[in-house]
Amino acid sequence: MTNIEHETIYRVLGSDEWAEALSAGQYDGAPHDIADGFIHFSTQDTLAATLALHYAGRDHLKLLRVPVAPISAKLKWEPARGGTLFPHLYDTLSVEYVTKVDDIRLDENGVHILPEDLR
């Protein structure tokens, strides 16, 4: 299943995880990704909910922006959260495919602050 309306997908991870990925040249996923057999990604529309559900209260996060085109052969769009299609990468993520990395911090109310162009 493909979803051509999205050119970019997003992955949230800790600063330490990103540092490890840079050192290794690839991101293998968090423990839950490895257990599921794929790396979970979000779309721009699902990003805020992903942060609230899975990263509540966590500060100093990184947001990876990854274009769909170069990884499309290993990417599947599968239903989750009430049938919404989410991008799942059935492979490791080479750091060369990450086009931008944003810092995600918490505001004074503990809500994640998304980059201006994603609000």
- Consider a paramagnetic label point 7 Å from the Cα of Leu53 along Cα→Cβ; state which residues of the range 60-85 have an amide N under 14 Å from it. 78-85
- Item | Sum of side-chain charges, His54 neighbourhood, beta-carbon under 12 Å (Lys, Arg +1; Asp, Glu -1) | +2
- Message: Once you place label points 7 Å from the Cα toward the Cβ at Arg119 and Glu20, how far apart are they in nm?
- Response: 3.2
- Message: Using a 7 Å offset from the Cα along the Cα-to-Cβ direction at both Asn109 and His60, what is the distance between the two label points in nm, to one decimal?
- Response: 2.5
- Item | Distance from the range 31-53 to the range 84-119 (C-alpha centre basis), Å | 10
- Nearest 0.05, what FRET efficiency do Thr99 and Ile34 give at R0 = 25 Å with Cβ-Cβ as r? 0.55
- Query: Given springs between every Cα pair under 10 Å in a Gaussian network model of the chain, which of Thr50, Thr84, Thr92 has the largest fluctuation?
  - Reply: Thr84
- Residue of Glu78, Glu20, Glu108 that the Gaussian network model of the chain assigns the largest fluctuation, springs spanning Cα pairs under 10 Å: Glu108
- Task: Starting with the fewest neighbours, write out Arg65, Arg58 ranked by other beta-carbon atoms found within 10 Å of each beta-carbon.
- Result: Arg58, Arg65
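Any read-out appearing in this document is the output of simple, stated calculations on the displayed coordinates, not a laboratory observation. As the structure is a computational prediction, the values presented were derived from the model and not from experiment. Here the Cβ is made from the backbone with ideal geometry for all residues, glycine too, and neighbour counts use every protein chain on show.
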